[in-house]
Amino acid sequence: MEHSEPTYAIEKEKVWRSTLEQESYEFADVQPAIKEMTHDQIKKDKEESKIDLSEANVFKSFPVSTMKWVTNKLYYIDNKFYTLIDYEKSEDGKIISCKLLSHKGKDEKVLTDPDEISLLRDYININLRIYSETGSGQMASVPIKLQNKLSTELGEHVEAITGMSFGLFKFFRGSTIIDGDKFLSSYQDIEEDMEIIGAAGFSKPYKFMRFKSTYEWPHWGYNRSTVDAACWIPNKNVILYGFSVYAACEPQFNLSFKVYINDTVVEEGEMTCSDYEDKYFCRIILKKFHSVKANSKLEITAQLTRVGSSDSYLDFYYGEQGSMWREVENDHMDLWTVESSSKSGSSSISYGNFPEIMYYV
């Protein structure tokens with residue numbers, strides 16, 4: 001019986017890492033819980049050769065960033081949270097005493113023993129179990145910083161495990177849904193090695209079209225200094241995964257783009273576009289999924305130029321009647337608002353490029 005090659009829901013290199021033996025295992029950015037060795041090294045050490053170097057054992061833990069000492073922030077010791085009131089350093093920069101106040105503000109604790117001070121942490125380890133299209137019930141032990149939002153902490157680990165954006169998941173502790181804008185310490189009964197479940201919730205992919213029709217003539221021209229841009233605002237949380245530009249009236253063109261969410265660049269890229277989707281559209285799938293929260297401003301800028309060194313204009317198809325975007329037939333008729341972008345040097349709501357954006361809800 002023939003065996004077909006496996007297929008992957010996302011690009012393999014985003015999720016897998018190479019070992020010393022040039023094999024691939026899941027979890028691209030996860031550090032091994034034990035030192036990785038080649039087969040030859042294992043054979044030389046009989047004791048080490050008894051260790052089961054299966055994927056389940058090797059990829060267990062994430063690295064912990066440097067401990068930061070910040071007063072009036074929460075720390076964890078003896079299964080309890082404390083606020084750091086004050087601390088003292090020696091001349092060589094080592095912490096020699098800490099004054100702590102319990103999370104409820106009742107009990108004071110002073111640490112002077114170096115061994116006790118070494119147990120004080122600004123994070124706790126949790127067991128994160130992930131259910132996604134790339135696997136079922138993958139488990140990893142991850143450190144969660146107490147001073148950072150859960151969207152920041154969980155987001156980094158989820159992307160390392162699955163290659164997918166935090167925004168595509170819902171997180172639960174038992175029956176309680178985890179709010180990414182909160183801190184871990186804001187939840188009750190937090191404890192070391194507790195389990196949090198993350199479940200991917202894909203909708204079908206959607207496209208939003210902003211123009212009622214496409215101009216074939218006269219064309220829309222760009223030279224090397226022209227920057228085009230457009231702005232969209234959703235009224236609910238969405239996940240952006242791509243956008244379209246109009247095709248050139250030639251077989252290929254260079255595209256340089258930036259994606260902004262609330263004026264912060266979340267992705268940028270350069271490419272040569274050819275083999276267009278159809279006569280009019282060239283669709284760009286982004287390298288990452290990007291969470292766009294309700295009422296956030298999503299802007300995309302682009303420079304579209306001729307392949308080669310020529311600075312002459314390159315003609316493109318373009319959209320018209322863009323001011324009538326509310327009447328364009330889309331799956332979500334009331335989800336998006338279109339506005340002029342302050343970053344554009346050429347187009348407006350009514351005319352220009354960027355006929356589509358592609359998203360999940």
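The values are calculated or read from the model by the stated rules, or taken from the named source; none is laboratory data. Keep in mind the model is a prediction, meaning the values are calculated, not measured. Every residue, glycine as well, gets a Cβ built from its backbone with ideal geometry; the counts of neighbours run over all protein chains shown.
Quick notes
- Residues of the range 107-120 classified as surrounded by 11 or more Cβ atoms within 10 Å (Cβ to Cβ) and either assigned by TED's automatic domain parsing to the domain that holds LYS145 or closer than 19 Å to GLU192 by Cβ (or both), total: 7
- Search result, residues across the range 295-336 that are outside any loop (DSSP other than H, G, I, E, B), of a type in the set (Asp, Glu) and within 32 Å of the chain's Cα centre (by Cα): GLU299
- Answer from SER323, SER296 - the residue that is out of contact with any Ser or Thr (no Cβ under 6 Å at 6 or more places or on another chain) and small (Gly, Ala, Ser): SER296
- The combined condition, being more than 21 Å from LEU74 (Cβ to Cβ) and surrounded by fewer than 13 Cβ atoms within 10 Å (Cβ to Cβ), is fulfilled by GLY93.
- Of the residues in the range 329-344, at least one is in contact with a Gly (Cβ under 9 Å, 6 or more places away or on another chain) and not aliphatic (A, V, I, L, M).
- Candidate set: the range 80-106, residues that are closer than 28 Å to GLU195 by Cα and either of a type in the set (S, T, N, Q) or not in a strand (DSSP E or B) (or both); chosen: the one modelled with the highest pLDDT: THR83
- Looking only at the range 187-196, residues that are surrounded by 12 or more Cβ atoms within 10 Å (Cβ to Cβ) and either out of contact with any helix residue (DSSP H, G or I) (no Cβ under 9 Å at 6 or more places or on another chain) or more than 20 Å from MET139 (Cβ to Cβ) (or both) come to 3 in all.
- Positions within the range 255-281 being among the hydrophobic types (A, V, I, L, M, F, W, C) and in contact (Cβ under 8 Å) with a residue 24 or more places away in the chain, in sequence order: LEU255, PHE257, VAL259, ILE261, VAL266, CYS273, PHE281
- Any hit, the range 325-341, residues being in contact with a helix residue (DSSP H, G or I) (Cβ under 6 Å, 6 or more places away or on another chain) and either at pLDDT 85 or above or surrounded by 17 or more Cβ atoms within 10 Å (Cβ to Cβ) (or both): yes
- Filter pass, VAL307 being more than 21 Å from LYS207 (Cβ to Cβ), in contact with a Phe, Trp or Tyr (Cβ under 9 Å, 6 or more places away or on another chain) and modelled with pLDDT of 85 or more: yes
- Residue match in the range 209-226 (condition: surrounded by 20 or more Cβ atoms within 10 Å (Cβ to Cβ) and either of a type in the set (A, V, I, L, M) or not assigned by TED's automatic domain parsing to the domain that holds TYR313 (or both)): no
- Any hit, the range 153-167, residues being of a type outside the set (Lys, Arg), over 28 Å from ALA294 (Cα atoms) and under 17 Å from the mean Cα position of the chain (by Cα): no
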